[in-house]
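Structure, as structure tokens:
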Ligand SMILES: [Zn+2]
């Protein structure tokens, strides 16, 4: 049970989808980037999570996987501003973009799992 996690994610059309994720036993050989938050600073461990597809495909054993922060630090990562790249950089707008993109990537993944 220690390798299982549930992601409950709001979709863009206002639904909420929950998926069971199972962490792969093998960990990425090098420091990996999370597919959800894409934090380039690699602040935490990232692991491969797989989810069984819904419907007939899942009953046949089909799964889909992605690299995600081990303890789902994605939400905190997108809110943690990097150093300003230049004077006048709009940190608040960049943070909002990262938050929007995280929602988009996570919802795309759970919709892919649920809508087979
Ligand atoms: Zn992440």
- Scan region 31-80 for residues that are away from the ligand (no atom under 16 Å from the Cβ) and more than 21 Å from residue 112 (Cα to Cα) and report the count. 0
- Could you tell me which numbered condition residue 58 fails, if it satisfies all but one of (1) touching a residue at least 24 places away in the same chain (Cβ under 8 Å); (2) surrounded by fewer than 17 Cβ atoms within 10 Å (Cβ to Cβ); (3) under 23 Å from residue 100 (Cβ atoms)? (3)
- Item | Among (1) in contact with a helix residue (DSSP H, G or I) (Cβ under 9 Å, 6 or more places away or on another chain); (2) exposed (fewer than 14 other Cβ atoms within 10 Å of the Cβ); (3) over 14 Å from residue 111 (Cα atoms) - the single one residue 34 does not satisfy | (2)
- Selection status of residue 106, at pLDDT below 95, surrounded by 15 or more Cβ atoms within 10 Å (Cβ to Cβ) and closer than 19 Å to residue 14 by Cα: no
- Message: Given (1) touching a strand residue (DSSP E or B) at 6+ places or on another chain (Cβ under 8 Å); (2) under 18 Å from residue 99 (Cα atoms), identify the lone condition not met by residue 13.
- Response: (1)
- Residue tally, condition without any contact (Cβ under 8 Å) to a residue 60 or more places away in the chain and surrounded by 12 or more Cβ atoms within 10 Å (Cβ to Cβ), over region 69-102: 19
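The values are calculated or read from the model by the stated rules, or taken from the named source; none is laboratory data. In this text, all values refer to a predicted model and were calculated from it rather than measured experimentally. A quick note on method: Cβ atoms are made from the backbone with ideal geometry, for glycine too, and the neighbour counts reach across all protein chains shown.
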